[in-house]
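Q: One structure, pasted below without further comment.
The values are calculated or read from the model by the stated rules, or taken from the named source; none is laboratory data. All figures in this text were calculated on a predicted structure; none of them were measured in a lab. Every residue, glycine among them, receives a Cβ derived from its backbone with ideal geometry; neighbour counts consider all protein chains shown. When the accessible area is computed, the model is the full protein with side chains, heavy atoms only, and any ligands, DNA or RNA have been set aside. Shrake-Rupley method; radii C 1.70, N 1.55, O 1.52, S 1.80 Å.
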Amino acid sequence: MMEEEYQLDYFRDHGLIRKICTSCANPFWTRDPGRVVCGDAPCESYTFIGHPVFDPHTVPEMREAFLSFFERHGHTRLERYPVAARWRDDIYLTIASIADFQPFVTSGLVPPPANPLTISQPCIRLNDLDSVGRSGRHLTLFEMMAHHAFNSQERVIYWKDETVAFCDEFLASIGADLTKISYKEHPWFGGGNAGPSLEVLIGGLEVATLVFMNLGREKTTETPVILDGDPYYPMKTRIVDTGYGLERFVWASQGSPTIYDAIFPTLIDSLIHEIHLEEFLSTQEYAHILALNAKYSGLVDIQGSSLLQMRKRMAYTIGVSFEDLQKVIVPFEKLYTIADHTRCLAYMLGDCIVPSNVREGYLARLVLRRTLRTMYELGIKTDLADLIEMQVKASGDQTFEQSTDVIREIVHNEVDRYRQTLQRGSRIIQKLASAYRKKNRSIPVAELITLYDSHGISPEMVRDIATQEGSEVELPDNFYSMVAGLHAQADSEREIPLEKYRDQVAGLPPTKKLYYEQTDDIEFDAGVIDFFDGYVILDQTLFYPEGGGQPADTGLLITTEGMIRVENTFQLGEVILHQTRGSVLYRGERVKGKIDEERRRSLMRHHTATHLLLRAAKDVLGTHIHQAGAQKGSESSRLDIRHYKHITPEEILRIEVLANQMVTEDSLISIKWEERTKAEQKYGFELYQGGVPPGKEIRVVRVNRDVEACAGTHCRSTGEVGVIKIIRIEHVQDGIERIEFAAGTAAIYYLQHLEGFLFEAAKAVSVQPENLPTTVQRFFTEWKEQRKEIGRLQKRIADLEIAHLETGKVGEVPVAVKTMIGTPSELVTIATGFAERGGVAVLLSGNERVHVVVASGNPKVHAVAIVQRVCQVLGGKGGGTSVLAQGSGSRIEFLDKALEEGRAAILGELNAG
RNA sequence: GGGCUGGUAGAUCAGCGGAAGAUCGCACCGUUCGCAACGGUGAGGCCGCGGGUUCAACCCCCGCCCAGUCCA
């Protein structure tokens, strides 16, 4: 980045001078001629601790000070966006204030909601998770106070000088001494954009970053700037992207040891009490350690692996033993972690994220479980839901959509579930440990990987428990990368079948989409624009292409020659392709199109019904209900929703009734194109249920109380949907429930189908359908009882049979070789009973196949040997154990010969020994 | 979205091709003034569901359902 970028008139006019940091060699601007270092970590330690650089502010006071300052200076104040980035499909969580305006506002496609604007945006970043609580400054959730100006070629709002002027003025307004501020030059790039940037430093702390985004990766005719090997081109929109860390401002205004002490005073106080850490605070020695640790913690960058080294260096720096430092610091770090994580969770859950094992839900669960682990380690018994509720209250519950009751329920669910996982885990480990102890081996790494990957048990936990059990564990340093290796298999790239035609259609005029204007029509006239490989492109069409979970229309194209079947319809760019088979069309030819009416009407009913069901589910289950996917069909459709527990049968009934009530209200469905930003401000991000559509304008579909951005075809009024019948609820994956349903005539067909089963089943047991449940119940119970009775009878028959089963004796050994009537299992019972009295039995039975059972009560006689010889005669096979063997053969005509063979075999065995 | 692990008695789990087992819990009997403990006896299983292979499947193969878990 070029040096001239930072040569601002403002700096010159206000007496700021450019210097080079003697520590890191980076350039910075300051009013203080004596300053030699840039003021950033690690060049300078925290000097504001104990010596605040701003007038004292609480979090709400500071936020208000900032927002109202910029409001006074011509900015429009915006409400914060949710921490779940629902308007984007490339990130799960809002990571910066500028993320609110990506990608459409920043690209210049959509005008910003206000210009210039100011906002205080809560952001969640989980990449520094290990540093949270330890560094004294890292947070999982922080509020980025910002003012943004979007400069277009037509309209320039302001640029660098004004931005720096605002910064100075704002800092002065909260009591900063401007001579203590330094502006460090810091070229910025990330997320495909770049530009010059200034870091604002005071008291050794970076409190804000002023980014002047003017470069992008999108290729233009202008000369690119090369950054980190990549070319960046000047952008049409130049954006002032500032970020003032709210929590850091509050911290610097209070000069407390850590950022956590500044922003969570109440929560930390109560936790300190709970685990009796006051003694550390009241002892002068410990208080001293804490203060020094805080001061120097800014200097060190924490990486998980080098933590130990860092801590040793820190102990050396502040002149205490490593052990003493650990003893004091560790509990506080954990405390801070809990304070931070619970606020992060308050925002995640408050903004309707549902914990699960996928997407942002997974991140919520990750943070929640981390919090629980830390609480267990510290011995904190307080209900996590209480802590989170405190954070919700502290942040102001009106900022959250989710009700506190639901948040509490979700947390309790998660706590329960985690406890169960841990219990299950320790049982598995104990079993494993004792198994390996018996083998006198240590638990191999392969087992650890399985435990972690499949059961969520950390290797540390395995080591702890296994050690208690007296077993050894091999735990390699690169354990987690070994696990990662397991998942490293690259997912095969999915081929998009139409991609090869993209260039071919690029030059064609966009197809006019009649299906949006003439929603009720089924016939249209059109001219053929192009034809290739069976794909027809028309100047206009009623055929709806596959999209938004709605399948494509099928139908006919009628020419002067005849009729052509349209089997599928796709959209490629702005052109719609009709897939046909077995005919040829010519450019310029006129055709008449006719879509399959019944199919289309059914799809429309199902699509509108999807919106109604989503609304109904939201009413019944809570505001967090959000569509996770949908597939419409003409016979039945599916709606996947995010929810934190299984939907109960009662809830299903209520949702169904509610949806059908909205049908009977027969309200008109309104569809109109609205400007994206305006629609977002008007309806909120609940608009985006089926993904985020591209473009400046979005198609807003209002069905009863449901408002969504949707590209599908819909009925004219809810009444046209007809009856909505939920067919089943499926649990697709953790946190996602699938509602399968039918609408209109399809629902009637389904009910008739269902009734068919009922009548058939009732007929089979000869009862009225309403008696079916009790009858089936009775039959099942009776069946079980009779099965037991049969067992008892078999045993009695066996006893009777055994009494006169003997067909002879070989020496002292009673022998029974005979045919009898009975199932193989009966034969087994009888033969075994005979063998228990020291005898040897060979029993045969059967009509089409001969079953052979041999039981031996004599150690000389091996049952398998006998059964094999007998079965061979019968043309079959068999096997078993030395005392009981079974087999069969198909050659009934050799029955007598088989009996003969059995006798001979026994004789042979007994005489041999 | 991609993996992995598991589903056997009320609970926790063995078994893993040749008649369904253990421990705890439960019921009853004994011991006891009574309880606990102990001894004895017993009840309790569509071995998740549906196909297939086999003389024979809880066990092997395929599909499905359910639960858990890791990664993106």
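Q: Compute the separation of the alpha-carbon centres of the stretch A:856-913 and the stretch A:771-792 and state it in Å as a whole number.
A: Here the answer is 39 Å between Cα centres.
Q: Then there's this: Report, by chain and number, residues whose modeled amide H sits under 5 Å from the one on A:D530, excluding near sequence neighbours (fewer than 5 apart, same chain).
A: Sorted by chain and number, the residues that satisfy this are A:I537.
Q: Same structure again: Hey, can you rank A:647-654, A:382-389, A:605-612, A:502-509 by average C-beta count inside 10 Å, highest first?
A: In decreasing order of mean packing, A:647-654, A:382-389, A:605-612, A:502-509 become A:605-612, A:382-389, A:647-654, A:502-509.
Q: Compute the long axis of helix A:322-350 from its Cα atoms, compare it with the longest principal axis of the Cα atoms of chain A, and write down the angle in degrees, 0 to 90, nearest 10.
A: Rounded to the nearest ten degrees, it is 80.
Q: Right, here's the next one. Give the shape of the stretch A:607-753 as rounded, prolate or oblate, defined through the alpha-carbon gyration tensor: a ≥ b ≥ c are the square roots of its eigenvalues, a/c under 1.5 means rounded, and otherwise the shape is prolate if a/b is larger than b/c and oblate if not.
A: Taking the square roots of the gyration eigenvalues as a ≥ b ≥ c, the stretch A:607-753 is oblate.
Q: Mind listing the phi-derived Karplus ³J(HN,Hα) values for the stretch A:113-123, rounded to whole Hz, using 6.51, -1.76 and 1.60 with θ = phi - 60°, and x for any glycine or proline?
A: In residue order, the calculated couplings are x, 7, 7, x, 9, 9, 7, 10, 9, x, 10 Hz.
Q: Calculated FRET efficiency, A:F322 and A:A446, Cβ-Cβ r, R0 51 Å, to nearest 0.05?
A: 0.90
Q: Return the inverse of the average 1/r over all pairs of distinct C-alpha atoms in the stretch A:151-217, which is the Kirkwood hydrodynamic radius, in Å to one decimal.
A: This gives a value of 13.1 Å.
Q: Could you tell me the extents of the stretch A:3-263's C-alpha atoms along the three principal axes, largest first, rounded to whole Å?
A: So the extents along the principal axes, rounded to whole Å, are 51, 39, 38.
Q: Show the residues, 5+ positions off or on another chain, whose built amide H is closer than 5 Å to the amide H of A:F400.
A: none
Q: Give me log10 I(q)/I(0) at q = 0.09, 0.10 Å⁻¹ for the stretch A:111-226, Debye formula, one equal scatterer per alpha-carbon, no solvent.
A: Each listed q maps to, in turn, -0.32, -0.39.
Q: Here is a further query. What is the stretch A:336-416 by shape, rounded, prolate or oblate, if you read a ≥ b ≥ c off the alpha carbon gyration tensor as root eigenvalues and call it rounded for a/c under 1.5, prolate for a/b larger than b/c, and oblate otherwise?
A: Oblate, since a/c reaches 1.5 and b/c is not below a/b.
Q: Over 22 Å between Cα atoms, which of A:K393/A:K618; A:K512/A:K592; A:K818/A:K897; A:K160/A:K678; A:K682/A:K725; A:K312/A:K334 qualify?
A: Too far apart for the 22 Å limit: A:K393/A:K618; A:K160/A:K678; A:K682/A:K725.
Q: Please report the equivalent ellipsoid semi-axes of the stretch A:269-483, computed as sqrt(5 x eigenvalue) of the Cα gyration tensor, largest first, in whole Å.
A: The answer is 31, 28, 16 Å, longest axis first.
Q: Could you give the length gained by full extension between A:R359 and A:S173, i.e. 0.36 nm per residue of separation minus their alpha carbon distance, to one decimal place?
A: 62.8 nm
Q: In addition: Given the DSSP H assignment, sum -39500 (n - 2.57) over each helix run of at least 4 residues in chain A and divide by its residue total; what's the result at 222 nm in deg cm²/dmol, nearest 500?
A: -13000 deg cm²/dmol
Q: Once the Cα gyration tensor of the stretch A:755-913 is diagonalised, what are the square roots of 5 times its eigenvalues, in whole Å and ordered largest first, as equivalent ellipsoid semi-axes?
A: Over the Cα atoms of the stretch A:755-913, the semi-axes work out to 41, 18, 12 Å.
Q: Under the Karplus relation 6.51 cos²θ - 1.76 cosθ + 1.60, θ = phi - 60°, what is the ordered set of whole-Hz ³J(HN,Hα) values for the stretch A:581-596, x standing for Gly and Pro?
A: Working through the residues one at a time gives 9, x, 7, 10, 10, 10, 4, x, 5, 9, 9, 10, x, 9, 8, 5 Hz.
Q: Then there's this: I need the P(r) histogram for chain A: all alpha carbon pairs, bin width 10 Å from 0 out to the longest distance, whole percents.
A: Each 10 Å bin holds this share of Cα pairs: 2, 9, 13, 16, 16, 14, 11, 8, 6, 4, 2, 0, 0.
Q: Also: I'd like the distance separating the alpha-carbon centroids of the stretch A:181-231 and the stretch A:536-576, in whole Å.
A: 48
Q: Give me the tail of P(r) for the stretch A:33-155 as a percent: Cα-Cα pairs with distance above 19 Å.
A: 62
Q: Would you mind working out the accessible area per residue for chain A, using a 1.4 Å probe, and quoting it in Å²?
A: 47
Q: Need one value: the accessible area of A:S403 in square angstrom, 1.4 angstrom probe, rounded to the nearest 10.
A: 50
Q: Please give the length that would be gained between A:V776 and A:A904 if that part of the chain were fully extended, namely 0.36 nm times their separation in residues minus their C-alpha to C-alpha distance (nm, one decimal).
A: 40.8 nm
Q: Across every pair of different alpha-carbon atoms, what Kirkwood hydrodynamic radius in Å does the stretch A:574-666 reach?
A: 16.2
Q: Give me the Debye-computed log₁₀ of I(q)/I(0) at q = 0.17, 0.24 Å⁻¹ for the stretch A:501-595, equal point scatterers on Cα only, no solvent, two decimals.
A: Reported log10 I(q)/I(0), two decimals: -0.65, -1.38.
Q: Quick one: 3J(HN,Hα) in Hz for the stretch A:435-441, Karplus 6.51/-1.76/1.60 with θ = phi - 60°, rounded, Gly and Pro as x.
A: 4, 6, 5, 4, 7, 6, 10
Q: Okay, moving on. For helix A:359-378, what angle does its Cα long axis make with the longest principal axis of chain A, in degrees from 0 to 90 and rounded to 10?
A: The two axes meet at around 90 degrees.
Q: Could you compute how fast the stretch A:73-133 diffuses translationally, taking Rh as the Kirkwood radius over C-alpha pairs and applying Stokes-Einstein at 25 °C with viscosity 0.890 mPa s? Give it in µm² per second.
A: It comes out at roughly 191 µm²/s.
Q: Considering only Cα-Cα distances, which of the following residue pairs are longer than 18 Å: A:K500/A:K594; A:K672/A:K696; A:K184/A:K236; A:K513/A:K594; A:K381/A:K431?
A: Distance filter (> 18 Å) returns A:K500/A:K594; A:K184/A:K236; A:K381/A:K431.
Q: With both bridge residues required to lie in chain A, what share of the DSSP beta bridges run antiparallel, to the nearest 5%?
A: Once the DSSP bridges in chain A are tallied, antiparallel ones form about 90 percent.
Q: Using a cut-off of 14 Å between alpha-carbon atoms, which aspartates and glutamates can reach A:K219, once sequence neighbours fewer than 8 places away in the same chain are excluded?
A: Of all the aspartates and glutamates, those that pass the test against A:K219 - Cα under 14 Å, at least 8 places apart if same chain - are A:D230.
Q: Please give the FRET efficiency for A:K512 paired with A:E674, using the beta carbon to beta carbon distance and R0 = 22 Å, rounded to the nearest 0.05.
A: The value I calculate is 0.60.
Q: Here's another thing I want to ask about it. Measure nothing but the geometry: give the 0 to 90° angle between the long axis through the Cα atoms of A:863-873 and the longest principal axis through the Cα atoms of chain A, rounded to 10°.
A: Roughly 70 degrees, rounded to the nearest 10.
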